[in-house]
Structures are given as structure tokens and as C-alpha cells.
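Notes follow once the structure below has been shown.
The values are calculated or read from the model by the stated rules, or taken from the named source; none is laboratory data. Everything numeric in this text was worked out from a predicted model, so none of it was measured. Ideal geometry is used to build each Cβ from the backbone, glycine not excepted, and the neighbour counts take in all protein chains shown. For the accessible areas, the whole protein counts, side chains as well, though only heavy atoms, and no ligand, DNA or RNA atoms are used. Shrake-Rupley method; radii C 1.70, N 1.55, O 1.52, S 1.80 Å.
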Amino acid sequence: MKTYNFSAGPAMLPEDVMKIAQAEFCNFKDSGSGLVELSHRGKQFTEVIDRAVANVKELMKVSDDYSVMFIQGGASMQFAMLAMNLLGDKVADYADTGVWSNKAYKEAANLGKARIVCSSKEDKYAYIPDFAKWEATPADAAYLHITSNNTVAGTQYRTFPKVDKNVPLIADMSSDIMSREVNVDDFGMIYAGAQKNLGPSGMAVVIMRNDLLERTPANLPTMLKYSTYSENNSLYNTPPTFAIYLLALVTDWIKAQGGIAAIEKINDAKAAKLYDFLDSSAYYSTPVQKDSRSRMNVVWRLPSEELDAQFVKEATAAGLTQLKGHRIVGGCRASIYNAMPMAGVDALIDFMKDFEKRNG
Ligand SMILES: *Cc1c(COP(=O)(O)O)cnc(C)c1O
């Protein structure tokens, strides 16, 4: 049976990528060894990591003013690491738009001064608060932190807030990096856990403007300083070689699809189809406000919690897996990242129609 995996993360990877990784697993490019068995300083892996960095730069049009780094510990490590490096004695501003942004805020507040400038928490994070209602970020703030796509609540920024030119805008793009075009120059730093759109879990991609590297306090442990990664091409210690290899393959694949602009068109079409169906239905409903809807994580509910559970169970049996909503919000969630083909969305909508017919 053909299955489609709608997991929020770790999430499905492009089938072509999985097949290349499988074919090369035991014997990487006629080296006689698997990639995981090769030295991170050797010729073969050097080519892989250089390609991974070059792909990120090319796809996201990253200028030479920025460093691209691969850092262990996923996005959650970045919550603390960015505060350790950039906070100093200043105040960092946080937009509280979901469980992940709230966690990011807490890490900064634990280390220094952090402030919430807007929140939709009282409304179960069902929208991104209107920028006009945010508390203004002063020119001497350490940074303003946002979460571009809220994986759990299913919301996404359409545009990004404007800040004083002295204040770096920092975005956790874990669940929508490379799903749409963004202007990297608008950001001081972008980071993303790899396991949604870029590869396996346990690693973050960090894109940081080089002038910010100077802010790091001298007494931070070596492995927690961004400069350690930027100065050593992420090879100060033994990096997660397999994760970097898969990221190189995934970004090769994005290039082969025509780049981010082409992927964005497909993502828009996939999400539009699913939301159009939800809007046309009196049986399924989504709690997310229209102007804040995520094109990556689509959440909805059935008329009762019992039906939510039955839907997830039957969908799984039909090969549509991991549709259970996050434990905090309940209901259902389909994560339709770059790797999810339109056929998966079509199969899901067909199943939803059929389920409604049988149980509506
Ligand atoms: C998944 C996710 C995280 C957490 O990533 P880890 O790699 O598990 O630390 C953080 N932020 C967002 C927006 C996410 O979707």
C-alpha cells in the first residue's frame, strides 16, 4: 500500500533522496566505505559539506555578509545559544506566537533580560498578532525574535515585522525554511532544526550576519560560540556527517525542482487545495484565522474528539499516517512540507470526503 507520512517532524524526505542515500549507504562514491564511516577531514566528506553550504547559499541567495553553519542540538539548542551569544546586558524582544516561540523566550529569560512584545497565547495561538499592536522594539534591543511558522498551532507569517536597522531580526524557521522565498538580508540570523524541510533531526542550520559574531562573550565554552563554527566551516569538532550529507542531498533535490520559487508554487497549491476543502466543509473546521494560515502545517477538527480519534485511526489504516494533532491542540494536523507531493494531499482529501460520507 502506498503510504503518505504527514508527520510534523522528523518528517518525510523526498523519495529520490532516500533512494540515493540507500544506494550509497555501504559504498559512498566508490570509496569502499559508507559516508558514516569516512573521516570528516577527508576529501569525500569535504566535498559533501562544501556542497551543502553552497546549496544553502545558492538556494536562499545568502550574501557573503553571512555565515552558514551546521550545529548540533537542533533548534532547541539555538534557543539558548543565540541568547548566550547575542544578549549581553541588553533586552531581547520575543513574539509569542506558539509553543516553540514561548520556549525560545523562556531560554532567553533564564539567561538574561527578555520581553514578550505580542502574544496570541490567550487565543490558543490561532493567529499571528497584527504588527501594529506589537510593543515597539527599541533601537538598543539585543534583537527581535520571531517564529516564522508555528508548527503546532498551524500559523505562519505572511510578511515580517520591520525593525530599527540596529536591531537584528532573528527567525526560527524550523518548519518553513526553504518552503518559500525570504529575503535573508532582512534578518540578522535565521535558524532551523533540519528535521522538517532539510534532513534528519539533531542538527540546526544557522545563517548569521557576520558582524553579529563579534558580540559573543569571550568566556563562552568553545562549542557554544558561533565563531567556532563560522571560522572552522562547522568542522571544529566531528560534525554530524550523515545529517550534513542528507541535507546536501535534499538541497540538491530542491535545486532539481527549480529552486525555492518553484517549490513555493507547489506548496501554495497544496495548501490552497486543503484549505479550500476545509472551507467548503461543514464537517471539518480549522481554528486558525484565515490570514495566519500555515502552508506547512494544516490543522483541523472533526465534530467531536471521538471522531478525531476515529479519523486518525482509519486514516492510518488507509496509509495516511501521523495525522494526529499535537497533544496541546488536539484534533488533526497534516504537515505538508516540501517533500509531500500533491498526490499525498489529493489522497488525504479523498479520504476526508469518504470519512465524512460514512460518519457525517
Ligand atoms: C520542531 C521545532 C523546533 C524544535 O526543534 P528541535 O530540533 O527538536 O529542537 C523548534 N522550533 C520550531 C518552529 C519547530 O517546528
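Where strands (runs of 3 or more DSSP E) fall entirely within region 144-213, those with at least 2 residues that are within 11 Å of the chain's Cα centre (by Cα) and either surrounded by fewer than 24 Cβ atoms within 10 Å (Cβ to Cβ) or within 10 Å of the ligand (Cβ to nearest atom) (or both) are at 169-172, 189-193. For region 296-323, what are the residues that are more than 21 Å from Pro200 (Cα to Cα) and open to solvent by 40 Å² or more (accessible area, probe 1.4 Å)? Listed by number, the residues that qualify are Arg301, Pro303, Glu305, Glu306, Ala309, Gln310, Lys313, Glu314, Thr316, Ala317, Ala318. Got at least one residue in region 48-63 being at pLDDT 95 or above, within 14 Å of the ligand (Cβ to nearest atom) and either touching a Lys or Arg at 6+ places or on another chain (Cβ under 9 Å) or open to solvent by less than 40 Å² (accessible area, probe 1.4 Å) (or both)? No, region 48-63 contains no residue that is at pLDDT 95 or above, within 14 Å of the ligand (Cβ to nearest atom) and either touching a Lys or Arg at 6+ places or on another chain (Cβ under 9 Å) or open to solvent by less than 40 Å² (accessible area, probe 1.4 Å) (or both). Filter region 96-121 down to the residues that are of a type in the set (S, T, N, Q) and open to solvent by 10 Å² or more (accessible area, probe 1.4 Å), then identify the one that is nearest to the ligand (Cβ to nearest atom). Among those residues, the one meeting the criterion is Asn102. Here is a check on your reading of the model: is Asp93 on the phi < 0 side of the Ramachandran plot, away from the ligand (no atom under 16 Å from the Cβ), in a loop (DSSP other than H, G, I, E, B) and not hydroxyl-bearing (Ser, Thr, Tyr)? No. In region 64-78, of all residues being outside any strand (DSSP E or B), in contact (Cβ under 8 Å) with a residue 40 or more places away in the chain and not polar (S, T, N, Q), the one that is most open to solvent (accessible area, probe 1.4 Å) corresponds to Asp65. Of Arg358, Arg333, Arg327, all but one fail to be open to solvent by 20 Å² or more (accessible area, probe 1.4 Å) and part of a strand (DSSP E or B); the exception is Arg333.
Among the residues making up region 64-90, those that are within 11 Å of the ligand (Cβ to nearest atom) and polar (S, T, N, Q) are Gln72, Ser76, Gln78.
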